[in-house]
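Here the structure is laid out as structure tokens; the discussion comes afterwards.
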Amino acid sequence: MRALDDLDRRIILELQADGRASWTSIAAVCGTSVPTVARRAQQLIADNLLKVAVLSSLGSTGPVETFFTRIGCRPGSQLDVAAELVARPDVRWASMITGTYDIGIELVVNSGPTRYPRTMLELQQINGVERWYSDLLLHVYKVSHDWYKQVLDGKDLEPPEVPLCSPDHFDKVDLAILERLREDGRAGFQTIADQLDLNESTVRRRFERMINDGCAAVFTIVPAPALGLEAETLMWVTVEPAKLSAVAATLTRHRSVRYLGATLDGNALLCEVIAESTGSLFEFTTETLARMDGVIGWNASVELLSLKRGFVETPWWRDQLAEHRPAR
């Protein structure tokens with residue numbers, strides 16, 4: 001993975017704030033020319049270091065339940081299992097991790113008495129899967145797509161509520177627009193209009209409505225190590241039951257916390273932490289978690305390689321592993 005310079009990082013910062021921002025507006029903020037910004041951003045995309053996508057909010061296909069699942073694989077099969085998991089539309093997030101399991105996934109299934117058991121059977125039958133642990137996520141406190149800005153600014157922020165939607169908020173045209181923006185979040189409204197035989201103003205109006213209603217969001221995917229943030233960690237924080245809400249409120253505002261959810265098992269919080277280094281992670285555990293009233297302890301796994309975020313495959317993981325995959 002190539003190193004990024006300050007201008008690359010500033011461009012990424014602006015795209016995390018607004019993935020559809022014009023090159024002109026980004027150039028003005030960065031103090032450089034429009035052609036330079038366009039060329040740099042397009043090179044980041046071509047190098048598989050950046051992807052902009054537009055996605056519908058949870059619930060757009062009906063009521064759902066979310067499970068965090070850890071998977072242990074037969075030695076040597078981890079990459080094949082990862083590829084099958086990434087290809088599944090019900091896997092929202094996936095990463096290769098350290099510890100007693102090899103892969104962690106966030107699994108979103110339609111609510112219903114039989115859907116989850118069927119899904120579990122399908123996944124457990126993937127060749128190479130040997131062990132399995134799954135836990136229901138009761139509530140999501142925070143999902144941050146502009147985490148780099150928060151870490152860079154060094155400020156704790158009050159995150160917005162995690163949006164939910166329902167199928168009756170969309171029609172077939174809305175879904176067709178989202179399908180195209182999922183693959184290319186910066187696709188022009190006129191381009192989409194031509195593909196769908198619509199007016200440009202119709203596409204623009206529908207897009208803005210979905211964004212303003214919280215039924216869709218634009219986000220920018222970028223590998224944290226490319227930005228100098230080397231420590232991505234999953235932590236299961238055990239909390240005194242009576243103090244769960246207070247601990248969650250504090251962690252939600254912390255700049256290093258990218259994701260926070262409450263799990264059913266073990267009165268615990270699932271916390272994804274991103275830090276500049278192992279030293280910064282040590283500071284988070286000793287100065288924040290260890291001193292927080294109500295925290296009993298924690299377990300953790302390092303995220304070795306991010307495979308999928310927000311239902312979108314990260315564009316860099318296959319490139320990073322291609323040279324290490326054994327020939328067949």
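The values are calculated or read from the model by the stated rules, or taken from the named source; none is laboratory data. Keep in mind that what you see is a predicted model, and the values were worked out from it rather than measured. Every residue, glycine as well, gets a Cβ built from its backbone with ideal geometry; the counts of neighbours run over all protein chains shown.
Just a few scattered comments:
- From the list A41, A94, the lone residue that is in contact with a helix residue (DSSP H, G or I) (Cβ under 6 Å, 6 or more places away or on another chain) and not assigned by TED's automatic domain parsing to the domain that holds Y141 is A41.
- Checked against the criterion of being under 28 Å from L281 (Cβ atoms), modelled with pLDDT under 95 and aliphatic (A, V, I, L, M), the candidates V143, V109 yield just one match: V143.
- T233 vs. criteria assigned by TED's automatic domain parsing to the domain that holds R309 and among the polar types (S, T, N, Q): yes
- Selection within the range 203-216: residues that are touching a residue at least 24 places away in the same chain (Cβ under 8 Å) and surrounded by 13 or more Cβ atoms within 10 Å (Cβ to Cβ). The member of this set that is farthest from G62 (Cα to Cα) is V203.
- Criterion applied to V312, V273, V247, V237 was being crowded, with 18+ Cβ neighbours inside 10 Å, more than 30 Å from A53 (Cβ to Cβ) and either of a type in the set (D, E, K, R) or in contact with a strand residue (DSSP E or B) (Cβ under 6 Å, 6 or more places away or on another chain) (or both), and the one residue passing it is V247.
- Candidate set: the range 276-307, residues that are small (G, A, S) and surrounded by 13 or more Cβ atoms within 10 Å (Cβ to Cβ); chosen: the one nearest to the chain's Cα centre (by Cα): S306
- Some residue of the range 181-201 being of a type in the set (K, R) and surrounded by fewer than 15 Cβ atoms within 10 Å (Cβ to Cβ): no
- Annotation: of all residues in the range 169-190 being part of a helix (DSSP H, G or I) and touching an Asp or Glu at 6+ places or on another chain (Cβ under 9 Å), the one that is modelled with the lowest pLDDT is H169.
- Only one entry of E240, E276, E272 meets the criterion of being closer than 24 Å to L305 by Cβ and either modelled with pLDDT of 95 or more or of a type in the set (G, A, S) (or both), and that entry is E272.
- For the range 20-27, the criterion of being of a type outside the set (A, V, I, L, M), in contact with a strand residue (DSSP E or B) (Cβ under 7 Å, 6 or more places away or on another chain) and modelled with pLDDT under 95 is satisfied by no residue at all.
- Entirely in the range 1-120, the helices (runs of 4 or more DSSP H) that have 2 or more residues that are of a type in the set (D, E, K, R) and surrounded by fewer than 18 Cβ atoms within 10 Å (Cβ to Cβ): 6-17, 78-86
A quick yes/no check of all residues on (1) aromatic (F, W, Y); (2) assigned to a helix (DSSP H, G or I); (3) in contact (Cβ under 8 Å) with a residue 24 or more places away in the chain; (4) more than 19 Å from E240 (Cα to Cα):
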{"site": "T252", "(1), (2), (3), (4)": "no, yes, yes, no"}
{"site": "R255", "(1), (2), (3), (4)": "no, no, yes, yes"}
{"site": "Y259", "(1), (2), (3), (4)": "yes, no, yes, yes"}
{"site": "A262", "(1), (2), (3), (4)": "no, no, yes, no"}
{"site": "G266", "(1), (2), (3), (4)": "no, yes, yes, no"}
{"site": "L269", "(1), (2), (3), (4)": "no, no, yes, no"}
{"site": "G279", "(1), (2), (3), (4)": "no, yes, no, yes"}
{"site": "F284", "(1), (2), (3), (4)": "yes, yes, yes, yes"}
{"site": "R291", "(1), (2), (3), (4)": "no, no, no, no"}
